[in-house]
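Okay, so here's the structure we're looking at.
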Amino acid sequence: MEFYNKPGEYDAINYIPPGESHGTKELWKTFWILLGITIFDFIIYFAMDPGGWRNFIFIFFGLVKAYFIVGAFMHMKYEKITLALIILVPVVFIFGLIAGLLYEGNAITWAKW
Amino acid sequence: MANHSQTPNAFENQTMWAGGRSPFNVSYGKLMMWIFLLSDAFTFSSLLVQYGAQRFSNVVSPITTEWPDPASIFNHFPFMHGLHLPLLFVSVMTFILIASSVTMVLAVEAGHRKSKKEVVRYMVYTIIGGAAFLGCQAWEWVTFIHEGARLDSNTFGITAQGKEHLGKLSFGDHFEWMLGDRTNGPVPFAALFFIVTGFHGFHVFSGVVINVVVTIMAYKGVFEKRGHYEMIEKAGLYWHFVDLVWVFVFTFFYLI
């Protein structure tokens, strides 16, 4: 049987796809977006009363930030869709766990009375 | 040493899933870094889900007081002792981490162009950012412990009097706890803060160590000899993940 990783031959384990530079323009744009959202969060924190809507805005913009960090900084936008799905789809299930446990946690609050 | 040449040959022409080549068009090391980050995402999720469940089970309490509002506790800023400045210090910390993330990705981009000098320079900026973040977190912990935070108890139950006192404050006012402002609150509050920010801080520390190692390797010309700067990319993935986790720690521990 022949092995692929003989010196000088293509081998799947040590194969490095050629690195591609997408320039720094998008990276700086992402930086300003992330910074802008952080400042926006800071303003909203004082401008709005605590409550569901404020929390919704914080979580929504947290997810927007996550999109930009994973997509642009971690280069996920340019990876093959198979890789992106393998990494991102399992994470979606965490949202279900969060929703379920927050609901149960809230029930415990009132059960303690 | 393995050969990393990218000369096309018979294996390149095989169909994608026939074996012998990466169907994801990433190297083995990078794929494994992604898988590790996925498992690490679950680790942090379990901690944050635990935090959410504990917090929601202490919305109101007839026995102790409810979960404290973070604005009333994390309101300190270095060299501005006794002023009510909620969210300011942690926003600065977030800015430091975002800035060190952008220098990291600039180092990766410079690596694609095989510009050793730029890689080393941006990596040094990234390490400085990471170290600054760790310093900020150490200060945050020391202040919090000094205020009375412990792993096994919580003295941050804000009483009705305390809420009235805090409610009158606006940004930048002089602030000091008064007798009767605080009583016992839900026990896991400080413990979860220390566990989650501590776990994140330990990740930042590991990231700084990894960054120092790859910077020395880049400086010594190891990657130049290898012909690619993929190690910087892998360290970068880890570093951005740490930044990503901080986005959620920031959201759930400080904003909400």
Q) helices (runs of 4 or more DSSP H) wholly in segment B:79-183 with at least 3 residues that are under 24 Å from the mean Cα position of the chain (by Cα) and at pLDDT 95 or above - which ones? A) B:88-112, B:116-146
Q) Mind checking which residues of segment B:53-88 are more than 21 Å from residue B:181 (Cα to Cα) and crowded, with 20+ Cβ neighbours inside 10 Å? A) B:53, B:57
Q. Looking only at residues in segment B:48-69 that are touching a Leu at 6+ places or on another chain (Cβ under 8 Å) and not polar (S, T, N, Q), which one is farthest from the other protein chains (Cβ to nearest Cβ)?
A. B:51
Q: Taking the options B:142, B:49, name whichever one is within 30 Å of residue B:164 (Cβ to Cβ) and without any contact (Cβ under 8 Å) to a residue 60 or more places away in the chain.
A: B:142
Q. In segment B:33-47, what residues are within 27 Å of residue A:42 (Cβ to Cβ) and either over 20 Å from the mean Cα position of the chain (by Cα) or more than 7 Å from chain A (Cβ to nearest Cβ) (or both)?
A. B:44, B:47
(Q) Please go through (1) touching a Phe, Trp or Tyr at 6+ places or on another chain (Cβ under 9 Å); (2) touching a residue at least 12 places away in the same chain (Cβ under 8 Å); (3) buried (at least 20 other Cβ atoms within 10 Å of the Cβ) for residue B:251 and return the number of the only condition it doesn't satisfy. (A) (2)
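Matching residues to (1) farther than 19 Å from residue B:69 by Cβ; (2) surrounded by 14 or more Cβ atoms within 10 Å (Cβ to Cβ):
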residue	(1), (2)
A:28	yes, no
A:32	yes, no
A:41	no, yes
A:47	no, no
A:92	yes, no
A:95	yes, no
A:103	yes, no
A:110	yes, no
Q | Pick from segment B:89-131, criterion more than 22 Å from residue B:247 (Cα to Cα) and more than 11 Å from chain A (Cβ to nearest Cβ), ranking: surrounded by the fewest Cβ atoms within 10 Å (Cβ to Cβ) | A | B:117
Q | Residues being closer than 28 Å to residue B:24 by Cα, touching a residue at least 12 places away in the same chain (Cβ under 8 Å), within 8 Å of chain B (Cβ to nearest Cβ) and aliphatic (A, V, I, L, M) - total across segment A:33-69 | A | 1
Q: Tell me which residues, restricted to segment A:71-80, are within 9 Å of another protein chain (Cβ to nearest Cβ) and either among the small types (Gly, Ala, Ser) or closer than 15 Å to residue A:28 by Cα (or both).
A: A:72, A:73, A:74, A:75
Q: Return the residue satisfying two criteria in turn: it lies in segment B:207-235 and is touching a helix residue (DSSP H, G or I) at 6+ places or on another chain (Cβ under 8 Å) and closer than 27 Å to residue B:89 by Cβ, and of such residues it is farthest from the other protein chains (Cβ to nearest Cβ).
A: B:212
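The values are calculated or read from the model by the stated rules, or taken from the named source; none is laboratory data. Model, not experiment: these values are computed from the prediction. A quick note on method: Cβ atoms are made from the backbone with ideal geometry, for glycine too, and the neighbour counts reach across all protein chains shown.
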